[in-house]
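Engineer: Can you read through this structure? Questions will come right after.
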Amino acid sequence: MTGGTIFKIKKYALHDGPGIRTTVFLKGCPLSCQWCHNPEGIDPRPQTMWRLTSTGKIDETVGTVIGVGDLIKEIEKDVLFYDESGGGATFSGGEPLSQPQFLEALLAACNRREIHTALDTSGYAPAAVIERMLPRLQLVLFDLKIMNADQHRHYTGVPNQTIVDNLKRVACSQTPLRIRIPLIPGITDGDDNLAAITRLAGTLKTVQGIDLLPYHRIGEEKYRRLGMTGSLTAPAPPLAERVAAIKNNFESAGFDVSIGG
Ligand code: SF4
C-alpha cells in the first residue's frame with residue numbers, strides 16, 4: 001500500500017483554498033527558508049520535539065507514517081462540510097511534491113471521490129513531478145518568495161530558476177493558480193522584489209489572485225524545541241500599514257488580493 005509521512009492534519013481550515021478544508025501537511029522540504037514557521041516539516045523523517053507540560057519537558061514524536069487509505073478516510077469524514085462550503089482537501093508541507101508517489105495517490109483518491117484538491121507548494125520540484133500532478137489538481141497555491149537569484153539562494157538554500165520555470169509551467173496549464181508571497185520584513189517585502197513579482201505575475205494569464213502572508217513568530221519557538229538552528233534572528237512582523245500598502249499596490253496592478261491566504 002502506498003504511504004507517506006505527514007506531520008499534521010488541520011481540520012476546518014479556512015485559509016488554504018476555497019470553503020472549509022482539511023489541510024494535510026506532508027513532511028520533507030528541500031528548502032530551508034530562514035523564516036520557516038513549520039520547521040518540523042523540513043526533515044522528511046519523524047523527529048523528536050519537546051513540549052513543556054505542567055510536570056516538565058516531555059519529548060514527542062513529530063511525523064507519522066500513514067497509508068493513503070487511512071488518510072483518505074480521515075479526509076472523507078468532513079465531506080459534508082466540503083459540499084456545503086465549496087471546500088475540499090489541501091496538501092501542504094513541508095513540500096508535498098517531495099513525496100510524489102504518496103501525493104499522486106492521495107490526489108487520485110480525492111479525484112475518485114470528487115473532493116476538490118489544492119496543492120500548496122514552494123514550486124521547487126522536478127518539472128515532470130509538477131506535470132504529473134497538475135491534471136489531478138483544482139487549485140495551485142504557489143509560493144513566490146524572492147526574485148533575486150543570489151538573495152533567494154542565501155535565504156532559502158536553493159536557487160529560484162526552477163521555481164520560476166515551474167510557476168510558468170503551472171500558468172500554462174488549465175489549473176487555477178494563486179501566488180502566495182510571504183512578507184518577511186527586510187527580505188521579501190522590499191519594493192524591488194514586489195515590483196519584480198508583479199511584473200512576472202502580470203505575464204501569467206491564469207493567476208486568479210495574490211495571497212499575502214505576513215511573517216509571524218510562531219516558528220521561532222519550534223526551532224529550539226526541535227534542537228534546530230538556522231532560524232531568522234527574529235524580525236518583527238510587518239506593520240499593518242505596510243501590508244495594506246502592498247495590498248493596494250497589487251490591487252492597482254489588477255490582482256485580487258487577500259491577506260493571510
Ligand atoms: S518552502 Fe515552506 S516548508 Fe519549506 S522551508 Fe520554506 S517555508 Fe518552510
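Every number in this text was worked out from the coordinates using simple rules, so none of it is lab data. Treat the numbers as computed from the prediction; the structure is a model and nothing was measured. Cβ coordinates were reconstructed from backbone atoms using ideal geometry, including for glycine residues, and neighbour counts include every protein chain displayed.
Engineer: Along the charge dipole of the chain, pointing to its positive end and built from +1/-1 on Cβ of Lys, Arg, Asp and Glu, which listed residue (G63, G261, Y124) has its Cα farthest out?
Structural biologist: Of the options given, the answer is G63.
Engineer: Let me ask another. Given the options I210, T229, N248, identify the residue whose Cα lies farthest towards the positive end of the charge dipole of the range 113-261 (+1 on Cβ of Lys, Arg; -1 on Cβ of Asp, Glu).
Structural biologist: So the residue we want is T229.
Engineer: One quarter of the convex hull surface, Cα atoms only: what value does that give for the range 127-212 in nm²? Kindly include the intermediate steps, with their values, before the conclusion.
Structural biologist: Details: hull surface 21.5 nm².
Averaging across all directions leaves 5.4 nm² for the Cα convex hull.
Engineer: Then there's this: Which of K11, K57, K145 comes first, and how do the rest follow, when ranked by fewest Cβ neighbours within 10 Å?
Structural biologist: Working: K11 13, K57 9, K145 23.
Going from least to most buried by this count: K57, K11, K145.
Engineer: Note down the magnitude of the dipole of the chain about its Cα centre, charges +1 on Lys and Arg C-beta and -1 on Asp and Glu C-beta and zero elsewhere, to the nearest 20 debye. Intermediate values should be presented prior to the final figure.
Structural biologist: On the way: 28 positive and 28 negative charges, 60 e Å.
Here the chain has a charge dipole of around 280 debye.
Engineer: A follow-up question, please. What do you get for Rg/Rh over the range 15-91 if you use C-alpha atoms and the Kirkwood form of Rh? Mind dumping the intermediate values first?
Structural biologist: Numbers: Rg = 15.7 Å, Rh = 14.8 Å.
My calculation of the ratio gives 1.06.
Engineer: Within the chain, how many lysine pairs that are 8 or more places apart, or on different chains, have C-alpha atoms less than 23 Å apart?
Structural biologist: 25
Engineer: Given axes a ≥ b ≥ c from the Cα gyration tensor, I'd like to know whether the range 115-177 is rounded (a/c under 1.5), prolate (a/b larger than b/c) or oblate. Spell out each step's value before the answer.
Structural biologist: Numbers: a/c = 2.43, a/b = 2.11, b/c = 1.15.
The shape class here is prolate.
Engineer: A follow-up question, please. P(r) tail for the chain, what percent of Cα pairs lie past 24 Å?
Structural biologist: Working: 16308 of 33930 pairs.
Tail fraction, whole percent: 48.
Engineer: For a quick check: sort I58, I187, I42 by the number of other beta carbons within 10 angstrom, fewest at the front. Intermediate results must be reported in sequence, preceding the final value.
Structural biologist: Working: I58 9, I187 20, I42 23.
Exposure proxy ranking, most exposed first: I58, I187, I42.
Engineer: Further question: What is the sum of charges around R112, taking Lys and Arg as +1, Asp and Glu as -1, for the other residues whose C-beta is under 14 Å from the C-beta of R112?
Structural biologist: 0
Engineer: Under the rule of -39500 (n - 2.57) per DSSP H run of 4 or more residues, summed and divided by the residues of the chain, what mean residue ellipticity at 222 nm is obtained, to the nearest 500 deg cm²/dmol? Please list the in-between numbers first.
Structural biologist: Numbers: 9 runs with 89 residues, N = 261.
Result for the chain, helices only: -10000 deg cm²/dmol.
Engineer: Along the range 175-183, what does the Karplus equation 6.51 cos²θ - 1.76 cosθ + 1.60 (θ = phi - 60°) give for ³J(HN,Hα), rounded to whole Hz, x for Gly and Pro?
Structural biologist: For the range 175-183, the Karplus curve yields 7, x, 9, 10, 9, 10, 10, x, 9 Hz.
Engineer: Which value, in debye to the nearest 20, describes the size of the charge dipole of the range 109-261 about its Cα centre when Lys and Arg Cβ atoms bear +1, Asp and Glu Cβ atoms bear -1, and nothing else is charged? Don't skip to the answer; put the middle values down first.
Structural biologist: On the way: 18 positive and 15 negative charges, 108 e Å.
So the dipole magnitude of the range 109-261 works out to roughly 520 debye.
Engineer: When only Cα pairs under 8 Å and 6 or more residues apart are kept, what is the percent relative contact order across the range 145-200?
Structural biologist: 37 percent
Engineer: With θ set to phi - 60°, apply the Karplus curve 6.51 cos²θ - 1.76 cosθ + 1.60 along the range 81-88 and write out the HN-Hα couplings as whole Hz, x wherever there is a Gly or Pro.
Structural biologist: 5, 4, 5, 5, 10, x, x, x
Engineer: Quick one: of the DSSP bridges fully inside the chain, what percent are antiparallel, nearest 5? Could the numbers behind the result be given before it?
Structural biologist: Values: 16 of 43 bridges.
Roughly 35 percent of the DSSP beta bridges within the chain come out antiparallel.
Engineer: What number, in percent, do you get for the relative contact order of the range 3-259 if the mean sequence gap of Cα pairs under 8 Å and at least 6 apart is divided by its residue count? Mind dumping the intermediate values first?
Structural biologist: Details: 499 pairs, mean separation 46.9, N = 257.
Normalised by residue count, the contact order of the range 3-259 is 18 percent.
Engineer: Here is a follow-up. Using each residue's phi in the range 123-129, evaluate 6.51 cos²θ - 1.76 cosθ + 1.60 at θ = phi - 60° and report the 3J(HN,Hα) Karplus result to the nearest Hz, with x for Gly and Pro.
Structural biologist: Values per residue, Gly and Pro as x: x, 9, 6, x, 4, 4, 5 Hz.
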